[in-house]
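Engineer: Structure incoming, see below.
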Amino acid sequence: MRALILALLVGFALPASPALAVEPDEILDDPALERRARDISAGLRCLVCRNESIDESNADLARDMRLLVRERLVEGDSDAEVLTFITDRYGEYVLLRPTTEGVNIILWVAAPVLFLIAMISALVYLRRRDSAPEPTADGLSAEEQKRLQELLKD
């Protein structure tokens, strides 16, 4: 029984740890450059997997991008220059966290604005519904009853 519990705990703990796809031949000799490369590549999206960073992806394109990041760092580029180079080459979609500049500001502002519009609309609807006159219990007036009978005869 203890072995089963231990196996279950280990099985549940393993998926929680990050699975890095960085291969040993990609790792830089300089620990500071490697740390910078990991920080940069953790924020870059794999264009094949689409919901993983290039550090987590086993796709060939992700490997190429990891190597490109390391190559640029070895050449002396700053982190910002590496990100600029990658986004110029692959587009802004490659960023896991899009920028809040330019046209992207619409994406960042649209959700809260639409939420506020929905809340205001719901509030207006509920207020109008509460102030609407109650339907009469008498039913139809004599004129309405006569009109209904004419429509039913046809």
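The values are calculated or read from the model by the stated rules, or taken from the named source; none is laboratory data. Since the structure is predicted, the reported quantities are computational estimates derived from the model, not experimental observations. Glycine also receives a Cβ, built like all others from the backbone with ideal geometry; neighbour counts cover every protein chain displayed.
Engineer: Given the conditions (1) surrounded by 10 or more Cβ atoms within 10 Å (Cβ to Cβ); (2) within 27 Å of the chain's Cα centre (by Cα), report the number of the one that Pro112 does not fulfil.
Structural biologist: (1)
Engineer: Name the pairs: first residue in the range 82-101 and in the same structural domain as Ser41 (by TED's automatic domain parsing), second residue modelled with pLDDT under 90 and of a type in the set (Lys, Arg), Cβ to Cβ under 8 Å, at least 6 apart or on different chains?
Structural biologist: Within 8 Å, no pair qualifies.
Engineer: Same structure again: Confirm whether Gly76 is assigned by TED's automatic domain parsing to the domain that holds Asp25 and exposed (fewer than 13 other Cβ atoms within 10 Å of the Cβ).
Structural biologist: Against the criterion (assigned by TED's automatic domain parsing to the domain that holds Asp25 and exposed (fewer than 13 other Cβ atoms within 10 Å of the Cβ)), Gly76 qualifies.
Engineer: Further question on the same structure: Taking the stated definitions as given, is Asp55 touching a Lys or Arg at 6+ places or on another chain (Cβ under 8 Å), in the same structural domain as Asp30 (by TED's automatic domain parsing), of a type outside the set (A, V, I, L, M, F, W, C) and not in a helix (DSSP H, G or I)?
Structural biologist: Yes.
Engineer: State whether the residues of the range 87-102 include one that is polar (S, T, N, Q), over 25 Å from Pro24 (Cβ atoms) and assigned to a helix (DSSP H, G or I).
Structural biologist: The answer is yes; a qualifying residue exists.
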